[in-house]
Amino acid sequence: MKVSSFFWNVRGLGNYKIVEMLISLLKLHKLVLIFLVKPMMSYTDAFNVLFKFVNMHLVAMSPTVNKAAKLWCLSVPNLVQNVLVNDQFISVTYLLHDKCFSFAGVYGSNTYLAKLFLWRDLSFFTWPWCILGDFNVVLSVDDCKGGDS
Amino acid sequence: MLCSRWMTVKGVTPNQVSCNEFLDWINTNDLSCMHFTRSCYNWCNVRKGLHRIHRRLNRALYNGVCLDEWDSCTYHVFVKNCSDHYPIISSLARNSLRKVSNFCFFSLWLQDTSCLKLIHDSWDNKVVGCPTFILQHKLKRFKIELRDWNKNSFGNVHNAVLLK
């Protein structure tokens, strides 16, 4: 048994290359859940160009993060047990073969203070939890390359 | 337990305070970054030459319970496409291979009278067809009935011995 979830900061779903890639990925990897950041498109438009062709339903849409930025969460139907929506993350809980597990998609704010709220709010991992996302922060200098001043 | 390396590296250094906050959060919640395949960096400002910056902003983290319950937790970073962030896929997998044991007849079953009765009843049931088909069908049916009988009424011998 394998469950996969996908996360991408797409920065606009308008590009046909992105739509093509998403459709091929969805067909290839049998994804359970996808998180899209900054689609820059209304859901109805995105449904017509992309989600109509794949069996994915909108689970949650996080409120505006930075002016126009948004986090969308789509999942295969009939599996989702519980959804938790915050302005910086969406957490989805599944129940499969009597086993409970969760995926959380994070889009961390750029500001230091807002990120403190994220660290505070996202800390209740009692069952299997996989957190994937764009945290907008690195762990150490090993995560950086380039940018000579 | 994760710890970060801080050395003076030529170029832009990230904000150490916010990095430490992130690190604290990872360590207090017992999270771990998993092995990734392909690129280490997953963000790039699409600029040429010396101005090009790579960062690892996207991550997949798993808590301890997740690593215990699932056999493999992996994440995969795809090649860059259109957006300056690379797409990532995180997978949880469990090996669900169940061993199917061969059927074998235990001679101690013959000591049970219900077993002999079962064999007689099973064999007396009529099957229509050519002789080889009849034999094959009867053996097949007999095996299934005997297996069910062993499971339901005879029970596990090892457990019975332990109970006594």
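Based on what the data block shows, is B:Asn58 in contact with a Leu (Cβ under 8 Å, 6 or more places away or on another chain), within 7 Å of another protein chain (Cβ to nearest Cβ), surrounded by 14 or more Cβ atoms within 10 Å (Cβ to Cβ) and modelled with pLDDT of 75 or more? So that I can check it myself, show each step before the final result.
Working: in contact with a Leu (Cβ under 8 Å, 6 or more places away or on another chain): yes; within 7 Å of another protein chain (Cβ to nearest Cβ): yes; surrounded by 14 or more Cβ atoms within 10 Å (Cβ to Cβ): yes; modelled with pLDDT of 75 or more: yes.
Spelling it out, B:Asn58 is indeed in contact with a Leu (Cβ under 8 Å, 6 or more places away or on another chain), within 7 Å of another protein chain (Cβ to nearest Cβ), surrounded by 14 or more Cβ atoms within 10 Å (Cβ to Cβ) and modelled with pLDDT of 75 or more.
The sole residue among B:Ser107, B:Ser72, B:Ser96 that is loosely packed, with under 10 Cβ neighbours inside 10 Å, modelled with pLDDT under 85, within 29 Å of the chain's Cα centre (by Cα) and of a type outside the set (A, V, I, L, M, F, W, C) is B:Ser96.
B:His85: within 14 Å of chain A (Cβ to nearest Cβ), closer than 30 Å to A:His97 by Cα and either without any contact (Cβ under 8 Å) to a residue 40 or more places away in the chain or within 33 Å of the chain's Cα centre (by Cα) (or both), yes or no? When the stated conditions are applied, B:His85 does not pass them. Quick check on region A:129-140. Is at least one of its residues more than 13 Å from chain B (Cβ to nearest Cβ), under 20 Å from A:Leu26 (Cα atoms) and in contact with a Gly (Cβ under 7 Å, 6 or more places away or on another chain)? There is no residue in region A:129-140 that is more than 13 Å from chain B (Cβ to nearest Cβ), under 20 Å from A:Leu26 (Cα atoms) and in contact with a Gly (Cβ under 7 Å, 6 or more places away or on another chain). If you filter region A:104-116 down to residues that are more than 7 Å from chain B (Cβ to nearest Cβ) and touching a Phe, Trp or Tyr at 6+ places or on another chain (Cβ under 9 Å), you find that the one that is nearest to B:Ser72 (Cα to Cα) is A:Ala104.
From the list A:Ser75, A:Ser109, A:Ser123, the lone residue that is surrounded by fewer than 21 Cβ atoms within 10 Å (Cβ to Cβ), in contact (Cβ under 8 Å) with a residue 12 or more places away in the chain and not aliphatic (A, V, I, L, M) is A:Ser109. When region B:1-40 is filtered for residues that are at pLDDT 75 or above and of a type in the set (Ser, Thr, Tyr), the ones remaining, listed by number, are B:Ser18, B:Thr28, B:Ser32.
Cβ-Cβ distances below 6 Å connect the following pairs, each with a first residue in region B:115-141 that is without any contact (Cβ under 8 Å) to a residue 60 or more places away in the chain and under 20 Å from B:Phe154 (Cα atoms), a second residue that is surrounded by 10 or more Cβ atoms within 10 Å (Cβ to Cβ) and acidic (Asp, Glu), and a separation of six or more residues or different chains: B:Ser122/B:Glu145. Each residue in region A:117-128 was checked for being facing another protein chain (nearest Cβ under 7 Å) and either part of a loop (DSSP other than H, G, I, E, B) or more than 26 Å from B:Leu92 (Cβ to Cβ) (or both), and 4 of them qualify.
Return the residue satisfying two criteria in turn: it lies in region A:1-48 and is within 7 Å of another protein chain (Cβ to nearest Cβ), touching a residue at least 60 places away in the same chain (Cβ under 8 Å) and touching an Asp or Glu at 6+ places or on another chain (Cβ under 9 Å), and of such residues it is nearest to A:Leu79 (Cα to Cα). Quick ask: steps written out before the conclusion?
Narrowing region A:1-48 to residues within 7 Å of another protein chain (Cβ to nearest Cβ): A:1-11, A:15, A:17-18, A:21, A:29.
When the remaining residues are screened for being touching a residue at least 60 places away in the same chain (Cβ under 8 Å), the result is A:1, A:3, A:5, A:7, A:9.
So of that shortlist, the ones also touching an Asp or Glu at 6+ places or on another chain (Cβ under 9 Å) come out as A:7, A:9.
Values: A:Phe7: 19, A:Asn9: 24 Å.
Only one residue tops the list, namely A:Phe7.
Residues in region A:126-149 that are under 18 Å from the mean Cα position of the chain (by Cα) and farther than 15 Å from B:Asn15 by Cβ: A:Pro128, A:Trp129, A:Cys130, A:Ile131, A:Leu132, A:Gly133, A:Asp134.
The values are calculated or read from the model by the stated rules, or taken from the named source; none is laboratory data. As the structure is a prediction and not an experimental result, all values here were calculated from the model. We place every Cβ from the backbone using ideal geometry, glycine too, and count neighbours over all the protein chains shown.
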